[in-house]
Amino acid sequence: MNKETKQCQSCKKDFTIESDDFEFYEKMKVPAPTFCPECRMQRRLIWRNERTLYKRKCDAPGHTEDLISMYAPEHTFPVYDHEFWYSDKWDALDYGKDFDFTKPFFKQFEELFLTVPHVALFDSKSVNSSYCNIVVEHKNCYLVSAGWGNEDSMYSNRIANCKNTFDSYVCHRTEFGYENVYCRESNLLRFSLRSEGCVDSYFLYDCRNCSNCICCSNLRNKSYCIFNEQYTKEEYAKKLADLNLGSYKSFQALAEKFEEMKLKAINKFAYLLNTQNVIGDNVYNSRNCYYCFDLEGDAENVKYSNWGTLSLRDSHDTGPGTSGNSELIYEGISIGVKNARCKFGVIVWYSHDMQYCYNCQDSHDLFGCVGLRKKQYCILDKQYTKEEYEALVPKIVSHMNEMPYVDKKDRVYKYGEFFPAELSPFAYNETVVQDYMPLTEKDALDKGFEWRPIDNRNYKTTISWQNLPDTIKETPDSIIDEVISCAHEGKCNEQCTGAFKIVKEELNFYKRMNLPIPRLCHNCRHYGRVKQRNPMKLWHRQCMCDKLGHDHTDRCTNEFETSYAPDRPETVYCEQCYNSEIA
């Protein structure tokens, strides 16, 4: 088919469906979408709560203890602890329902969702990893979210295959890293952004294969540099001692200079490494991807997708949390890990031929199911034979088109649309959508989204952040018994917890790395890191390189799609000009 322009039924803006999109929809046996790509992403993200956690009672039979859960305590559906939920002591098939052709499908799915027990936190194959949510194969981790294959790490989001990595965001294969954003393959790296293959360094921006460098940008294969100035090994050691980087005050002063340096750096229009025919940002070793962000590698023929690990093929509208050797995925979040032919899902792992499922694993041929494991040929958690299932599913699809679900803003959900946002168990401000597409409470409610008032925490602090020792060497072990006030004290955003504690493993890390105790709560630290990323949105721009250096008379004419908005202050170059200047 030829490309077609449609009006999004949510934001009312026009969007284009290309001819190859229609080919994909035909392959997936789904109709073309009625929401634009941005509204589709927003709708998915509302179903993803990575970091907002609550204390509530465990509802498993015979259990009365408190647990930590992503579901707020006012939700009436049962919530089980991880061990009981994954045990054989209950069966989600016991909650199965006959399909009712007098009700819209999504209404019936909601009724099932509100009765089936839910696991407190999403975790697969992890060991000794407390308060980690939406993670796979973790070991000895604490408050890590949306990660894969990490060890001995804390307070990090979207990291993969990292060890001893603290307070980091979107990092891959780092070890002994601290406060890094978009860094890879590095060791003993601190307070750095978009750097790779670096060792024993501080405050690096867009550096590659550098070691023993401090407050540098756009460097390649350098050692013993400070503020991009070359030193001998002996001179560097003396300067390092003078900088006194074990001091919080010294760190703060250096951080301010680093921010000034970043604004003067040259920025490549997009971070695309070893890619072919890719439009997006932070995509590695991939081919034929459009409007994609944060894909780690070996992605091919992918559109409108983000935060995927290795080997995502022939998929549209996925993420966050997709891939792990998956193919033919459409409209889903965390719908990866060896999946195939999965549509409209949330937390679907090790499965194939799944539609409209929530937290179903090691299964195939399920439609509208919740909480099933190692099952097949089920609809609304009711078991059918293969023949019964294959006969009933087409009838349900027809029914969804004939009796669609209509939300409170009159948005129509027929077959082919993702779950309505108003059915999500999470409010807008509880989920990652608030990180990437933030709204005020009023705007969220006006758009028909839910909003949850933040609980009044009323922590009784025992020490002010202003009274913390300047260095870790001056910090007593008794700091782990203190409740420390956050330097923002709730003023920066509603997510500020107001106070925080230091745990023993964290203190040991600071001692080993000679790092001062932080002054912000872990939530404020997280949002500080998120602010360092570019939005998952693209603008059409021209290269800013002025080849002759005067009056823009010989300005490069290359154009590109970039995540740097036109009104931002950074200098943005095309790939050719960037390489000629930096390489």
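Is it the case that some residue within the range 132-143 is more than 24 Å from Y178 (Cβ to Cβ) and either outside any loop (DSSP other than H, G, I, E, B) or touching a strand residue (DSSP E or B) at 6+ places or on another chain (Cβ under 8 Å) (or both)? No, the range 132-143 has no match at all.
Only one of the numbered conditions (1) crowded, with 17+ Cβ neighbours inside 10 Å; (2) farther than 30 Å from P469 by Cα; (3) touching a Phe, Trp or Tyr at 6+ places or on another chain (Cβ under 9 Å) is violated by L245, and that is (2). Every listed requirement among (1) surrounded by 14 or more Cβ atoms within 10 Å (Cβ to Cβ); (2) in contact with a Phe, Trp or Tyr (Cβ under 8 Å, 6 or more places away or on another chain); (3) not aromatic (F, W, Y) is met by P78 save one, (2). Just checking, does the range 407-414 include any residue being β-branched (V, I, T) and buried (at least 18 other Cβ atoms within 10 Å of the Cβ)? The answer is no, given that none of the residues of the range 407-414 is β-branched (V, I, T) and buried (at least 18 other Cβ atoms within 10 Å of the Cβ).
Residues are listed down the side, and each one gets a yes or a no for (1) within 16 Å of S145 (Cα to Cα); (2) in contact with a Phe, Trp or Tyr (Cβ under 9 Å, 6 or more places away or on another chain):
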| site | (1), (2) |
| --- | --- |
| T165 | yes, yes |
| Y169 | yes, yes |
| H172 | yes, yes |
| N180 | yes, yes |
| E185 | no, no |
| L189 | no, yes |
| F203 | no, yes |
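Please specify each residue of the range 96-112 satisfying the condition of being in contact (Cβ under 8 Å) with a residue 24 or more places away in the chain, part of a helix (DSSP H, G or I) and of a type in the set (D, E). Of everything in the range 96-112, just one residue is in contact (Cβ under 8 Å) with a residue 24 or more places away in the chain, part of a helix (DSSP H, G or I) and of a type in the set (D, E), namely E110. Is the range 33-43 home to any residue that is under 18 Å from E422 (Cβ atoms) and among the aromatic types (F, W, Y)? For the range 33-43, residues under 18 Å from E422 (Cβ atoms) and among the aromatic types (F, W, Y): present. From the list Y142, Y131, Y95, Y155, the one residue that fits, being among the hydroxyl-bearing types (S, T, Y) and farther than 22 Å from R529 by Cβ, is Y95. The set of residues in the range 316-373 that are of a type in the set (G, A, S) and crowded, with 24+ Cβ neighbours inside 10 Å comprises G319, G321, S323, S326, G332, S334, G336, G345, S351, G368, G371. Once the range 188-232 is narrowed to residues that are free of Cβ contacts under 8 Å to residues at least 12 places away in the same chain and outside any strand (DSSP E or B), the residue that is surrounded by the most Cβ atoms within 10 Å (Cβ to Cβ) is Y231. For the range 157-182, the set of residues classified as assigned to a strand (DSSP E or B) and of a type in the set (A, V, I, L, M, F, W, C) consists of I159, A160, F166, V170, C171, F176, V181, listed by residue number.
Which of the residues spanning the range 257-299 are acidic (D, E) and either part of a loop (DSSP other than H, G, I, E, B) or out of contact with any strand residue (DSSP E or B) (no Cβ under 8 Å at 6 or more places or on another chain) (or both)? Matches in the range 257-299: E259, E260, D298.
In summary, L312 fulfils each of the numbered conditions (1) surrounded by 22 or more Cβ atoms within 10 Å (Cβ to Cβ); (2) within 16 Å of the chain's Cα centre (by Cα) with the single exception of condition (2). I'd like the full set of residues that are surrounded by fewer than 24 Cβ atoms within 10 Å (Cβ to Cβ) and farther than 18 Å from A565 by Cβ, limited to the range 279-293. The answer is Y284, N285, R287, N288, Y290. Say we look at the range 46-72 and pick out the residues that are of a type in the set (A, V, I, L, M) and under 26 Å from P420 (Cα atoms); which of these is surrounded by the fewest Cβ atoms within 10 Å (Cβ to Cβ)? That would be A72.
All of (1) part of a helix (DSSP H, G or I); (2) of a type outside the set (S, T, N, Q); (3) closer than 16 Å to V346 by Cα hold for K395 with one exception: (3).
Remark: pairs (first residue in the range 370-387, without any contact (Cβ under 8 Å) to a residue 40 or more places away in the chain and farther than 22 Å from K89 by Cβ; second residue crowded, with 19+ Cβ neighbours inside 10 Å and among the acidic types (D, E); Cβ separation under 7 Å; 6+ apart in sequence or on different chains) = Y377/D365.
Screening Q434 against (1) farther than 15 Å from L520 by Cα; (2) crowded, with 17+ Cβ neighbours inside 10 Å; (3) in contact (Cβ under 8 Å) with a residue 60 or more places away in the chain leaves a single unmet condition, (3). The strands (runs of 3 or more DSSP E) located wholly in the range 1-86 that include 1 or more residues which are under 26 Å from the mean Cα position of the chain (by Cα) occupy 14-17, 54-57, 66-69. Residue check: N285 meets all listed conditions (1) in contact with a helix residue (DSSP H, G or I) (Cβ under 8 Å, 6 or more places away or on another chain); (2) within 25 Å of I582 (Cβ to Cβ) but one, namely (1). One residue alone among D14, D88, D21 is of a type in the set (D, E) and buried (at least 19 other Cβ atoms within 10 Å of the Cβ), and that residue is D21.
Of the residues making up the range 406-417, not a single one is under 23 Å from the mean Cα position of the chain (by Cα), without any contact (Cβ under 8 Å) to a residue 40 or more places away in the chain and not in a helix (DSSP H, G or I). Scoring C360 on the criteria (1) more than 17 Å from Y304 (Cβ to Cβ); (2) assigned to a strand (DSSP E or B); (3) in contact with a Phe, Trp or Tyr (Cβ under 6 Å, 6 or more places away or on another chain); (4) of a type outside the set (D, E) leaves a single failure, condition (3). Looking across the range 110-132, the residues that are in contact with a Leu (Cβ under 6 Å, 6 or more places away or on another chain) and at pLDDT 95 or above come down to E110, L112, A120.
The values are calculated or read from the model by the stated rules, or taken from the named source; none is laboratory data. Model, not experiment: these values are computed from the prediction. Ideal geometry is used to build each Cβ from the backbone, glycine not excepted, and the neighbour counts take in all protein chains shown.
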